[in-house]
Amino acid sequence: MLDVLIVGAGFGGLYGLHKLRSQGLRVQVIEAAPSVGGTWWANRYPGARVDIQSLEYSYSFDDALQQQWHWSERYASQPELLRYANHVADRFDLRRDIRLDTRVIAAHFDEQASLWRVLTDRDEALSARFVVMAIGPLSSPNTPAFPGLDTFTGPVLHSAQWPHEPVDFSGRDVAVVGTGSSAVQLIPIVAEQARTLTVFQRTPAYAVPAHNGPLEPEREARIKADYPAFRARNRRMRAGFGCELTPHPLPTMQVGAEERERQFEERWAIGGFSLLGAFVDTLTDMRANDACAEFVRGKIRQIVRDPAVAEALCPTHPIGCKRLCVDTGYYATYNRPNVTLVDIGDAPIERVTPRGLVSGGREFGFDTLILATGFDAFTGPLTRIDLRGRGGLHIRDKWRGGPLNYLGLTVAGFPNLFNLVGAGSTSAFTSVIVAIEHHVDWIAGCVAWLDAHGHATIEATEAAESAWVAYGNAIAQQTVFPHCNSWYLGANIAGKPRMFMPLAGGFPAYADRCAAAAREGYAGFAIR
Ligand code: N01
């Protein structure tokens, strides 16, 4: 019998194993893929790289690790991130407790024994006192049910299920469906190789330049000179990163137009998410948001030479409402003669044909189809498992109206089950490794407390869960987030209930709430 079974060997599962094992617990990680690395194993499309600088998107739990690991670029590429995950697995001797190529297909809570009974696709039955779901909020790829998709005669590639051998697009006529972060990263690279590239855009994306390049040695040295203090400062930031830049002291509209423009220009030159942090109210005040959005629309009009194409690329929803894309040459790609933008906002894809697709009654031809159509976020990874809590309650039924949860970590009716970077936590708005380390440390503290007090189970109460979801909704209502169709809301998946799933209140306030619950003897939980 295990103390803890962890599902997933991405960054969450790796740190979970290290932390819980070092507490003397018997821990086993089950991973469906043939490798550790999670999202960085799966998302290997051309151009895949992190959108938060690597000195901040990396583990902080071990000072020797953060001192010794050297990132070659400001924003690490997928292969480098995968090397990092493998390095961590070796360095902390994690592999002996990780079973690869094994998928958890069922987990049922046995009320008599107060144990989780877990079944894998290798017909193995395991039991554990606790289960930690470390499967990531974005691990269930969304393939839209386009009629005729199976009749397409060329390759169909999904950005999140990319082949492991290199794909050569030279001489090919390629289509990309989608213009989210994955598409924004892969489009410029595929465009350089393909004979033609047609991009089917349902909603234009806001993209800001990464200004990626080799990591500056002086910056690395400066941060490493006192890395723990840098990490601590970041943990006090709303997003868990970005402590080197503070917002303007005044709200956007109290600043003169010239000064506002100067601030935006400075942030554009720095690149990445820094633009959204130029002013404190970008995500909470519509007029402030529109000033920032209009600045980016101005950049699009400057970069893209054809005014009609530029206009089609200009988003009209609030900036940051869908996750901001961080790009390298995205808009400029539309100046290439071999690239065509097809706006399908008002003319959804009707069907895929053997040699193309039909939208707005018109057929477009191509021989390779790339679906960069995102994920069934937050709920998809859990609901595809036969996951049942007390009384055989299936997670799909529990979450029929949306992912109810308490502290983003637990679900009423599912005792001793913890979820990492899920709905109800700030993870989607945080450098995810900051969220992972926070969650794992909280869970480790909780398990230690239960064991020290001789308790067998911990379970969120329905009252605490309802209050937590209401708190999350109330915060979301004060922001721009409800005003577009994002995966945060489940709006990208046909038929999914619309509920704002992540918590928008900022990491420090969230971490305080979690700490307070623990300090008060796990307030909001039933403990037996
Ligand atoms: O997915 P998305 P993603 N017909 O959902 C379109 C992280 N990430 O894989 O906007 C036509 O953002 C859809 O259109 P619309 C990051 O958190 C990070 O790109 O729903 N189009 C959209 O354009 C990110 O936010 C990095 O109208 C359809 C696109 O497909 C998250 O993962 C890199 C459609 C999907 O965009 C998801 O990003 C990559 C349909 N039926 C990902 N269905 C980094 O930079 C969907 N679309 C670290």
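What follows is calculated from the coordinates using simple rules that are stated; it is not laboratory data. As the structure is a computational prediction, the values presented were derived from the model and not from experiment. A quick note on method: Cβ atoms are made from the backbone with ideal geometry, for glycine too, and the neighbour counts reach across all protein chains shown.
Any number yet on Rg/Rh for region 409-517, C-alpha, Kirkwood?
Here Rg/Rh amounts to 0.99.
Helix 507-519 and the long axis of the chain differ in direction by around 10°, with both axes built from C-alpha atoms.
The base-10 log of I(q)/I(0) for region 291-339, evaluated at q = 0.17, 0.20 Å⁻¹, reads -0.50, -0.69 [Debye formula, identical scatterers on Cα atoms, solvent excluded].
Under 20 Å of direct C-alpha separation, and excluding same-chain neighbours fewer than eight residues apart, Lys398 reaches these lysines: Lys496. The distance separating the Cα centre of region 460-496 from that of region 180-213 comes to 29 Å. Along the axis of the charge dipole computed for region 1-159 (Cβ charges of +1 for Lys and Arg, -1 for Asp and Glu, origin at the Cα centre), the listed residues Ala48, Leu14, Thr120 are led at the positive end by Leu14. About its Cα centre, what dipole magnitude does the chain give when the only charges are +1 on Lys and Arg Cβ and -1 on Asp and Glu Cβ, stated in debye to the nearest 20? Around 420 debye, computed over the chain. Quick one: Debye curve from the C-alpha atoms of region 215-355, no solvent, what's log10 I(q)/I(0) at q = 0.11, 0.19 Å⁻¹? Treating every Cα as an identical point scatterer, log10 I(q)/I(0) equals -0.56, -1.19. Taking all Cα-Cα distances within region 72-165, those exceeding 22 Å account for 56%. Could you tell me what % of all Cα pairs in region 368-425 have separations over 18 Å? The answer is 33 percent, as a whole percent. Counting every Cα pair in region 118-261, what percent are over 22 Å apart? Of all Cα-Cα pairs in region 118-261, 68 percent lie more than 22 Å apart.
When the charge dipole of the chain is built from unit charges on Cβ atoms (+1 for Lys and Arg, -1 for Asp and Glu) and taken about the Cα centre, the candidate among Met286, Asn473, Ala463 whose Cα reaches farthest toward its positive end is Ala463.
Less than 10 Å Cβ to Cβ from Asp3, Lys/Arg counted +1 and Asp/Glu -1: what total charge do the surrounding residues give? So the environment of Asp3 carries a net charge of +2.
For region 310-405, taking Cα atoms only, Rg and Dmax work out to 19.6, 61 Å respectively.
Computed from point charges on the beta carbon alone (+1 for Lys and Arg, -1 for Asp and Glu), the dipole magnitude for region 412-504 about its Cα centre is near 440 Debye.
Measuring max minus min along each principal axis, the C-alpha atoms of the chain give extents of 69, 56, 44 Å (largest first). Each Lys and Arg adds +1 at its Cβ and each Asp and Glu adds -1 at its Cβ; summed about the Cα centre, region 95-229 shows a dipole of about 160 debye. Would you be so kind as to identify which of Leu404, Ala511, Val29 lies farthest towards the positive end of the dipole of the chain, taking Lys and Arg as +1 and Asp and Glu as -1 on Cβ and the Cα centre as origin? The one lying farthest along the dipole's positive direction is Leu404. In this label model, Ala516 and His70 are separated by 4.6 nm, measuring between points 7 Å along each Cα→Cβ vector. The local environment of Leu503, defined by Cβ-Cβ distances under 14 Å, has a net charge of 0 under the rule Lys, Arg +1 and Asp, Glu -1. To the nearest ten degrees, helix 257-270 and the longest principal axis of the Cα atoms of the chain are 70 degrees apart.
Compute the angle between helix 286-303 and the longest alpha-carbon principal axis of the chain, please, reported from 0 to 90 degrees and rounded to the nearest 10. The helix 286-303 is inclined about 50 degrees to the chain.
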